[in-house]
2 protein chains.
Amino acid sequence: MTKEINSEFCFKLKSVENKARRGEVLTAHGAIQTPAFMPVGTAATVKALRNDDIKNSGAEIILGNTYHLMLRPGMDLMKEIGGLHKFMNWDRPILTDSGGFQVMSLSKIRKISDAGVEFSSHIDGSKYFVSPEKSIEIQHILGSDITMIFDECVQFPATYEQAKIAMERSILWANKSKEAFVKRAGYGIFGIVQGSTFADLREISAQKLIEIGFDGYAIGGLAVGEGQKEMFAVLDYVPDFLPQNRPRYLMGVGKPSDIVGAVLRGVDMFDCVIPTRSGRTGQAFVRDGVINIRNSKYRQDEKPLDDKCGCFACKNHSRAYLHHLTKAGEILASMLMSQHNIFYYQDLMRDIRKAIEEGKFTQFAADFLQSQSGASLDI
Amino acid sequence: MTKEINSEFCFKLKSVENKARRGEVLTAHGAIQTPAFMPVGTAATVKALRNDDIKNSGAEIILGNTYHLMLRPGMDLMKEIGGLHKFMNWDRPILTDSGGFQVMSLSKIRKISDAGVEFSSHIDGSKYFVSPEKSIEIQHILGSDITMIFDECVQFPATYEQAKIAMERSILWANKSKEAFVKRAGYGIFGIVQGSTFADLREISAQKLIEIGFDGYAIGGLAVGEGQKEMFAVLDYVPDFLPQNRPRYLMGVGKPSDIVGAVLRGVDMFDCVIPTRSGRTGQAFVRDGVINIRNSKYRQDEKPLDDKCGCFACKNHSRAYLHHLTKAGEILASMLMSQHNIFYYQDLMRDIRKAIEEGKFTQFAADFLQSQSGASLDI
């Protein structure tokens, strides 16, 4: 079922407006137009969406979580079946994270050393050891079009010393990751810039990664509680440390305004659980902000969630119906709301790409951020 | 969005094989080919299915629950919005039960009399009173193509005396229901035969209902714990009490073998939560029985649930993937499994209708019941 194209993994920069970039990433499973948002498919499913729903939204790439997939269904099965594309019958590109972030945030860490991390599963407590080599091997088994290096992500706030140690270990692991990566046409590996909110550490991290040489560069260690202002402050300088001819990926980000602000600062790729997680709790992204469909003011509201949206939910159902389904705890509420939010995010990326192509993105971003000033309409 | 056709509510008998009947019910929202299975849309949603999924399965009518809809979203909203078709954007026929069964099984009954039932909501404890007149009025507001009379359903086992009292009260309520029903082209009202497992009570019930005159006749008080053998024993005689030129509906039934056995005995319509509820707990109906996808033997099984099935899940996903999703508690598991089961049920009804048309249903039923002898393959 899964098709592969036999071309080199590459990034084409199509147009630039100030720091904002309109590009295209070519992978073994097809092209990704950037700036791109990747829905998160943690456990081999973008929660509450079928593959055709994901495709209908326009998403060209999804993200899988190495940590979750390693624990369940497990790598023996993945090897047997032939990778994640085949397992979930998804024939477009997949990016997998390295497991580093989840190992630190979800599991019970047993021991961390330059060799790797020993930890206990959050599902059943069983012990695992993940090294850079192991993470890359797992991502190879998963068949990821884009493999991420194994890194150490510090919490926010971190002291300079903590950030420096983790960044240096991440560079060590970046070297090991690159060595372990098996080069194949159409498959790439991304480095991850660390260094918390310290510009000099970020610059050193970027330089060392560039020396090793990667197919793309991610910015890690953000969206960990620092807030949008602090994140934008870091994004004001980190992209300048990165090469023009490689895609830049801001991990785990974010809200629509985060994305617009990051594109403005030169970022090309994003992933976040916000659209699906929000959908499951009754929050819908609409043209002028966010609404909480549980609010009683929607009980008799016969309008769609967003009358400018072309998703299945907006074309077929009213806010009143979604209010009812959400209040009643119906699965269909999670399905329709998640689908709408993913569609909204892809609409946003389409608008962003078009604006850059037309040289109107700076104005678009200003208007968008203005329109979102009251982003939480009723939460 | 909802279309109406302006014809009389009627039943056409197309062909008969022994007691089995192939027919068509015409309603304000279109035709229903019988024997028909109606997916249950309790709270204005067939759980975990979108409307297009329901239609793609071939289902031509769904059932809504008056009791649940009365409590949530409530009749003020239903009136405001203009009925259930519009509320959930379903443009095909809807049958609503009268609420009688759920009032007795779910709520805390306060008082039951010839006038009606006073009870407390199972959601928030608030008090309600439902009479036959009220039930019919609610179903009118819902815009049901097929309204059911308000009846009293006794538990199984019931003494002769209990069954007689409830049957007689149901006849009283049948009269009141018929009087309260507003006749409109394309909309019908069904009587409900009661009398538990007592043939003489069933016969009296049927006769009295026929005297009142209904557009169809349901068989109530079955699938309440009596088992298939006892149910078939009742179905051996009840359909003979009913007119040939009206549809017959066996309420709340059932497993595939129940349906085949009931069609063999002259029943035309069915509803049941089994396909959707089973789907949410990991059970899938397949050509030779039922499988529990949680069973570890499916962990590496790359075959579809049922290789003769044309549903989205079977065309796109493996048992191994569904096993994983179910074990991980993913919403997509409920979506795919429920959709498969509803599709299976509609396939079964298509096969039944075709077999009757071709005069081969007796043989089909014998083969089917034989194939289902080990129905629970691994539960």
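Rank these residues by their accessible area, most exposed first, probe 1.4 Å: B:21, A:184.
Ranked list, largest accessible area first: A:184, B:21.
Of all DSSP beta bridges in region A:6-133, what percent run antiparallel (nearest 5)?
85 percent
Karplus couplings for region A:291-298 from phi (6.51 cos²θ - 1.76 cosθ + 1.60, θ = phi - 60°), rounded to Hz, Gly and Pro as x?
10, 9, 5, 6, 4, 4, 5, 8
Tell me which residues come under 5 Å, amide H to amide H, from residue B:218 once H is placed; ignore anything under 5 positions away on its chain.
Amide H to amide H, under 5 Å and 5 or more residues apart or across chains, residue B:218 pairs with B:191, B:192, B:193, B:249.
Rg and Dmax of chain B, Cα atoms, in Å?
For chain B, the Cα radius of gyration and maximum Cα-Cα distance read 20.2, 60 Å.
First compute the accessible area of chain B with a 1.4 Å probe, then give the percent of it belonging to carbon and sulfur atoms.
C and S fraction of accessible area: 49 percent.
Listed here are the pairs A:315/B:303; A:315/A:360; A:303/B:178; which of them are more than 31 Å apart at the Cα?
A:315/B:303; A:303/B:178
What are the residues whose amide H is under 5 Å from the amide H of residue A:34, where those residues sit 5 or more places off or on another chain and H is modelled from the backbone?
A:23, A:24, A:25
Strictly over 23 Å apart at the Cα level, which of A:327/B:55; A:55/B:327; A:134/B:327; B:111/B:134; B:47/B:111 would you flag in this model?
A:327/B:55; A:55/B:327; A:134/B:327; B:47/B:111
Taking a probe of 1.4 Å, how large is the accessible area per residue of region B:99-146, in Å²?
Ligands and nucleic acids excluded, the figure is 45 Å² per residue.
For region A:75-194, give me the percentage of DSSP beta bridges that are antiparallel, rounded to the nearest 5 percent.
Counting DSSP beta bridges with both partners in region A:75-194, the antiparallel share is about 65 percent.
So what's the protein assembly as shown giving for Rg/Rh, alpha carbon basis, Kirkwood Rh from the mean inverse pair distance?
1.05
How big is the shadow of the Cα convex hull of region B:193-340, averaged over all directions, in nm²?
Projected area, direction-averaged: 10.0 nm².
If you take the C-alpha gyration tensor of region A:13-71, multiply each eigenvalue by 5 and take the square root, what semi-axes do you get, largest first, in whole Å?
Values: eigenvalues 133, 36, 22 Å².
Taking √(5λ) for each Cα gyration eigenvalue gives 26, 13, 11 Å.
Tell me, what is the 1.4 Å probe accessible area of residue B:246, in Å² to the nearest 10?
80 Å²
Got a sec to turn the phi values of region A:13-26 into Karplus ³J(HN,Hα) couplings, 6.51 cos²θ - 1.76 cosθ + 1.60 with θ = phi - 60°, whole Hz, x for Gly and Pro?
Whole-Hz 3J(HN,Hα) from phi for region A:13-26: 8, 8, 7, 9, 10, 6, 8, 6, 10, 10, x, 8, 9, 9.
Treating only the Cβ of Lys, Arg, Asp and Glu as charged (+1, +1, -1, -1), what charge dipole size does chain B show about its Cα centre? Round to the nearest 20 debye.
So the dipole magnitude of chain B works out to roughly 660 debye.
Could you tell me the distance between the Cα centroids of region A:84-142 and region B:105-143, to the nearest Å?
That distance is 54 Å.
Per residue, how much accessible area does region A:276-328 show when a 1.4 Å probe rolls over the protein heavy atoms, in square angstrom?
Numbers: 2160 Å² over 53 residues.
Value for region A:276-328: 41 Å² per residue.
Give, ordered by residue number, each residue of region B:288-326 whose 1.4 Å probe accessible area is reduced by a minimum of 50 Å² on adding the remaining protein chains to the chain alone.
Relative to the lone chain, where solvent access is computed with a 1.4 Å probe, region B:288-326 loses at least 50 Å² at B:299, B:300, B:302, B:312, B:321, B:324.
What figure, in Å² to the nearest 10, do you get for the accessible area of residue B:251 with a 1.4 Å probe and non-protein molecules left out?
Answer for residue B:251: close to 40 Å² accessible.
List the extent of the Cα atoms of region A:101-240 along each of their three principal axes, largest first, rounded to whole Å.
Reported extents, whole Å, longest axis first: 38, 37, 24.
Rounding to the nearest 20 debye, state how big the charge dipole of region A:319-379 is about its Cα centre with +1 on each Lys and Arg Cβ and -1 on each Asp and Glu Cβ.
Computed about the Cα centre, the dipole is about 80 debye.
What is the dipole size for the protein assembly as shown, taken about its Cα centre, with +1 at each Lys and Arg Cβ and -1 at each Asp and Glu Cβ, in debye to the nearest 20?
I would put it at about 0 debye.
Ignoring everything except DSSP H segments at least 4 long, calculate the 222 nm mean residue ellipticity for chain B; use -39,500 (n - 2.57) per segment, divide by total residues, nearest 500. Let's see the in-between values first.
Numbers: 15 runs with 152 residues, N = 379.
Value at 222 nm, helices only: -12000 deg cm²/dmol.
Among A:210, A:342, A:331, which one moves the most in a GNM of chain A with springs linking Cα atoms closer than 10 Å?
With Cα springs under 10 Å in chain A, the top fluctuation among A:210, A:342, A:331 is at A:331.
What does the charge add up to near residue A:37, with Lys and Arg as +1, Asp and Glu as -1, over the other residues with Cβ less than 12 Å from its Cβ?
Result for the local shell: -3.
Taking a label point 7 Å out from Cα toward Cβ, give me the nm distances from residue B:58 to the same spot in the other copies, shortest first, one decimal.
3.7
In nm to one decimal, list the spacings between the residue B:366 label point and its equivalents in the other copies, with label points set 7 Å along Cα to Cβ, shortest first.
Sorted ascending, the copy-to-copy spacings read 8.4 nm.
Which residues does a label at residue A:182 reach in region A:18-49, if reach means a backbone N under 18 Å from a point 7 Å past the Cα toward the Cβ?
Label zone hits: A:28-29.
I'd like the interface area for chains B and A: accessible area of each alone minus the complex, both sides summed, 1.4 Å probe, protein heavy atoms only. What is it in Å² to the nearest 100?
Numbers: alone 15740 and 15750 Å², together 27790 Å².
So the total buried area for this chain pair works out to about 3700 Å².
How large is the translational diffusion coefficient of region B:276-367 in µm² per second when you combine the Kirkwood radius over alpha carbon pairs with Stokes-Einstein at 4 °C and 1.567 mPa s?
95 µm²/s
Which aspartates and glutamates does residue A:255 reach when only Cα atoms under 17 Å apart count, and residues fewer than 8 places away in its own chain are ignored?
A:226, A:230, A:268, A:271, A:288, A:347, A:351, A:367, A:378
Going 7 Å from Cα along the Cα-Cβ axis for the label, what nanometre distances separate residue A:288 from the same residue across the other copies?
Nearest first, the other copies' label points are 6.1 nm away.
Which residues in region A:147-173 place their backbone N less than 18 Å from a point set 7 Å from the Cα of residue A:75 along the Cα-to-Cβ direction?
Under 18 Å, as judged by backbone N against the label point of residue A:75, lie A:147-152, A:173 of region A:147-173.
If the elastic network links every pair of Cα atoms under 10 Å, which of B:254, B:213, B:99 fluctuates the most in the Gaussian network model of chain B?
In the Gaussian network model the winner is B:213.
For region A:303-308, take each phi angle, set θ = phi - 60°, evaluate the Karplus expression 6.51 cos²θ - 1.76 cosθ + 1.60, and give the result in whole Hz per residue in order, putting x for glycine and proline.
Karplus-based 3J(HN,Hα) across region A:303-308 equals 6, x, 3, 8, 6, 9 Hz.
Return the average number of partner chain Cβ atoms within 10 angstrom of each residue Cβ along peptide A:73-82.
Taking all residues of A:73-82 together, the mean is 3.
The values are calculated or read from the model by the stated rules, or taken from the named source; none is laboratory data. Since the structure is predicted, the reported quantities are computational estimates derived from the model, not experimental observations. We place every Cβ from the backbone using ideal geometry, glycine too, and count neighbours over all the protein chains shown. The area values use the complete protein model at the heavy-atom level, side chains included, leaving out ligands, DNA and RNA. Shrake-Rupley method; radii C 1.70, N 1.55, O 1.52, S 1.80 Å.
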